[in-house]
Each structure stands twice: as structure tokens, then as C-alpha cells.
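Step one of this worksheet: look at the structure below.
The values are calculated or read from the model by the stated rules, or taken from the named source; none is laboratory data. A quick note: this is a predicted structure, and the numbers were derived from the prediction, not measured. Cβ: placed from backbone, ideal geometry, glycine included. Neighbour counts: every protein chain shown. Calculation scope for accessible area: heavy atoms of the full protein, side chains included, ligands and nucleic acids excluded. Shrake-Rupley method; radii C 1.70, N 1.55, O 1.52, S 1.80 Å.
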Amino acid sequence: MGRAAAAAAVGGAVAACAVATWLVGRRVRRRRRWGRAAAALRELEGGAATSTARLRQVVDAMAVEMHAGLASDGGSKLKMLLTFVDSLPDGSEKGTFYGLDLGGTNFRVLRVELGETKSAIVDSRVETQPIPRVLLSGSNEVDFPLPIFLELFEFIARAVKAFVEKEGKGDSGDGPRRLGFTFSFPVHQKSVSSGILIKWSKGFAVEGTVGGDVARFLEEAMLKVGLDMKVSALVNDTVGTLALSHYHDEDTVAAVIIGTGTNACYVERTDAIIKCQGLLTSSGGMVVNIEWGNFWSSHLPRTPYDVELDEESPNKNDQGFEKMISGMYLGEIVRRVLWRMSQEAGLFGDAPVPLLATPFSLRTPMVAEMHEDGSPDLREVARVLEEGLQIRGVPLKTRRLVVRVCDVVSRRAARLAAAGIVGILKKIGRDGSGGFAGGRMKGKPRRSVVAIEGGLYVGYGMFREYLDEAVSEILGEEMAQSVVLRVTEDGSGVGAALLASTLVR
Ligand code: ADP
Ligand code: MG
């Protein structure tokens, strides 16, 4: 062998050796990174754990806080707002009524025609429209002739007018048309048809509205655009949902919304509403809007991701329960977990992932799509990561881990909502434990229907399964048979129209 050849051979061996070392090094690095990602997952699972025992503590805390919120204003993080709705539709209503549902990304206008026979909604039409972003979070920096909240209400009034002109040709002419206005923000109700906005939530912030009567704002806007319509009922979306469910099934005792935000209401005995002594209603009961999104308890399984999300939110220390449960936040929690895994464990390799760093870039429906991907190679997960977050070429193993993260976050949310529901049942003595006061119940439990509405519950099958399962798990199989969870589609709007009819009888 010549010198040159020998040198080449040695050089080749050195190079091969270097490549091998580099490969081994890369493998070691990868394994280490994967180890860190797996550890972060385990940590998340631990922090977000919802054992049955833990959920029962949440149930008790919810019932206790409800009680405290009924005892005095400011007695609890739960506002327990009076709605002045003391009778619910039962199927005997007649006539044509309108509903307007404002409270999320869209608003809905609808019309229901109630027939001569019981429980027959002869006809109902729903129209959904987006609200222009500038009207939702705008201040008057943008060029508008009117204060921004008047612009918002006028925009809505014009849409209602257009809808009435299109759909309402056959309306009978005696008196103004009746509207049930679903306004899904905390309102200090003055009567069933008037109320003062306490605060905005769910990303809304319209200057000038807090402290004003939202029903009057709407009526004035309708008058201004030339629409003869009266707000007969101003209700929360939970109350609308309760009303529609009750119209079909009189065993309905509570309603829950799990959409962009989350909240619940239920029928309470007036004598249990201690903060409003001497409250008299013909039915002896009143619907109470819990505003459960603001529920808080040390028993809630909170992770560092929740703490950071709250810290960086515009409504810090507010809506703690909602921030763990609702559609506005689930995607954001998952994003925070994945972002940390990408930073600390190189989950998506070395290329930058700028979209993943952007708050709210991962929306909850994307979480649902990834979580529910049934394909063996998790094609949907790859697609969502690529199309939604511009992260390409993610290996199968990593996609599996992403699905795990979605599962942990959504499962916790569903199970906490389930605990909230059982908390309400406990407060009214329908959970089989003898109620808030304790002591076992005798005899067969009464049937209780809980109406549920909202895009998260309706559109996300795994979430729904986890929630339903957890309710049974907490109640026990036998008791669970007397509790019916009933999806009430479009309940928030249709129910408000029904209430408008109940209240004019
Ligand atoms: P809102 O709460 O605004 O009145 P919805 O009840 O329709 O409206 O809820 C919409 C929210 O529900 C969305 O913002 C989203 O977070 C969530 N959502 C809707 N569809 C799905 C879905 N298929 N999977 C998961 N979440 C969904
Ligand atoms: Mg809604």
C-alpha cells in the first residue's frame, strides 16, 4: 500500500469514526430530549389529575360556595345572580316570538312560532352572523360617529330588523313584537326584562356598557332603526337553555353552557336565597345564574400552565374555573404545554416554531381534531400541526405525545365540569347524598334533567364522553340512572323567545 493510499484509508476511517460519533451523539441527544418531553408529560399528568376522590372534593366545594353566594352578596366568588325568572315554559305557550342570542363569537337571531298543541314549536328560523371584531373590543379610537357600545347595539338592531322583514311577514299586528334577549355576560338583573352589565368576559370589552341597562340599549337602538319590538325577557344563555329544556321536559332542574365560556344556572327555592329576604314568587322558586366560570377552590388541579395563562390574561384572578374548562382556553393550555416541550425538550426539532409561540394560535377545535384522530398513523394530527401551526415532518412518536397532551387537558376540563354539575345536584338535594345538609336519602331518587349547550360539549365527542362518564362515576351507577344530561341545541336563543312568551301570558 502506498503512503497516499494508507493516508486516505486512515482519513476515511477517521471520517467514518467522526460520523459514527456524531450519529451516536445525535441519538443520545435525541434520547435525552425525548426523556425531557416524557418527563414534562408525566408532570402535566400528575398536576392535572382528577381522581374520583378529588372530583368529590370539587363537588362539595361547589355546593358550599353556592350556599355562601346565596347567603350574601360578595359572600363567595360565585355571584349567584337572581334572574327574576320564576316560571318556566311548559309547552302551553302560543304565538310568535323572537330571540336574540349575543354572547360569543356570533350572534343569532331567531323566530319561533308556537302552535295550538302542547310542546309544538311549529316553526323556528335561526340566522347566525359574526360580530365585527372592532365592535367587540373596540374603544372609540377607531373612527365611529357614536360611542362604540351604541354602534354595537345599532349594528345588532339593524340585523334583527333585516331578519324580521325577511321572516316575519305573517306576524300578527297587535302590539309590538316580543323579543327574548340572551345576553351571556354577568348582569345585575333589576327585573326579568332589565339589567345592568357587571363586567365583560370571554374577550369582550366594549367601552361604555358596564353599568348600563343592556335591554334599554337594545330597545333604544331598535327604536332608532325603526323596529317595533320590545325586550320582554333579558336572560343569560344558561337561563334560555334551561327554559327550552323545561319546555320539553319538566324534570329539568339546571342548565350548563360549555362553549367559548362556561356557566350554569338552576332552579332554587326562594327561601334558600338568604341574601334576598322576603322574596316571593308564585312558584316558590327562582332561576339563579351561578356564574360558575368564576368558581375557585384549592381542590382544583392547577398546573403551572394555568398559572401562566391566568397571569398573562386581561382578567387575572378571574374566571378560574372557566380558564380550565371552556373552549376559549383549552387550545391555549395545550399550546403552552407544547411550546414548553419544544423549548425545553426540542419536541419539534431545531427549526423555529414561531406560530406555536403565539398565544391562542392553537384553537380548541384543532385540539379536538387531533385528539379524535382515529387513523393508525395519526394523519390528522400531522395535518393540524402543519396547517394550523406550520410545524412539518413531525414523527409518529411525537404525534402520539401531542395526542396525550390533548387528552390530559380535555379530560381534566370535562371531569371538572362534571364535578360542577354534581355540585349543583348536591346543592338541591338531587345527588343521592341527602343534599347539602347531608344524611342519606330514602326512597327512589327523583329524575333530574340537566340541559347542556355549547360548541365544546356538542362538537367534541371525546369531551362529551369524558364528562358523561365522570358524572356517573361521581354519582355512582344507581344514582346516575336518575340523572339525564340533555343536549339542548340552540337552547340559549329559542329558550329566551319561549320566556318572552311565558312572561306575556
Ligand atoms: P358561544 O359559546 O360563543 O355562544 P358556541 O356554544 O357555539 O358559541 O361555542 C363555540 C366554542 O366552542 C368555540 O369557540 C370553540 O372553542 C368550541 N368548539 C366549537 N366546536 C368545537 C369542536 N368541534 N370541538 C371543540 N371545541 C369546539
Ligand atoms: Mg352561546
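Checking every one of the trypsin sites (Lys or Arg not before Pro) in the range 250-321 against DSSP loop status and a limit of 15 other Cβ atoms within 10 Å picks out K275, K316.
In terms of the Cα gyration tensor, with a ≥ b ≥ c the square roots of its eigenvalues, is the range 171-328 rounded because a/c is under 1.5, prolate because a/b exceeds b/c, or oblate? Since a/c reaches 1.5 but b/c is at least a/b, the shape of the range 171-328 is classed as oblate.
Distance cut-off 21 Å, Cα to Cα: go down the list K275/K323; K199/K224; K161/K199; K316/K427; K190/K275 and report the pairs above it.
K275/K323; K199/K224; K161/K199; K316/K427
Each label point was placed 7 Å from the Cα along the Cα-to-Cβ direction; for E45 and R125 their separation is 5.4 nm. Shown for the chain: the carbon plus sulfur share of the solvent-accessible area, taken with all protein chains present and a 1.4 angstrom probe, equals 52%.
Using only the Cα atoms of the range 325-376, build the gyration tensor, take square roots of its eigenvalues as a ≥ b ≥ c, and label the shape rounded, prolate or oblate: rounded if a/c is under 1.5, else prolate if a/b is larger than b/c, else oblate. The partial results should precede the final answer.
Details: a/c = 2.24, a/b = 1.32, b/c = 1.70.
Verdict is oblate for the range 325-376.
Calculated from DSSP H runs of 4 or more alone, at -39500 (n - 2.57) each and per residue, what is the 222 nm mean residue ellipticity of the chain, nearest 500?
Working: 16 runs with 227 residues, N = 505.
Roughly -14500 deg cm²/dmol at 222 nm, from the helical runs in the chain.
Normalised per residue, the accessible area of the range 374-483 is 44 Å², obtained with a 1.4 Å probe and no contribution from ligands, DNA or RNA. Computed from backbone phi, the HN-Hα couplings of the range 85-95 come to 8, 10, 9, 10, x, 10, x, 9, 6, 9, x Hz, rounded to whole numbers (Karplus: 6.51 cos²θ - 1.76 cosθ + 1.60, θ = phi - 60°; Gly and Pro given as x). Nearest-5 percent of antiparallel DSSP beta bridges in the chain? In the chain, approximately 60 percent of DSSP beta bridges are antiparallel ones. Restriction of the GluC sites (Glu not before Pro) in the range 205-255 to DSSP coil positions whose beta-carbon has at most 15 other beta-carbons within 10 angstrom yields E207, E250. Oblate is the label for the range 444-499, because a/c, from the alpha-carbon gyration tensor with a ≥ b ≥ c as root eigenvalues, is 1.5 or above and a/b does not exceed b/c.
A simple rule links phi to the HN-Hα coupling: the Karplus curve 6.51 cos²θ - 1.76 cosθ + 1.60 with θ = phi - 60°, which for the range 409-414 gives 5, 6, 5, 4, 4, 4 Hz, with x for Gly and Pro.
Applying the criteria of a DSSP loop state and at most 16 other Cβ atoms within 10 Å to the GluC sites (Glu not before Pro) of the range 276-347 yields E312. Think of a 1.4 Å ball rolled over the protein heavy atoms: the range 213-263 then has 27 Å² of accessible area per residue.
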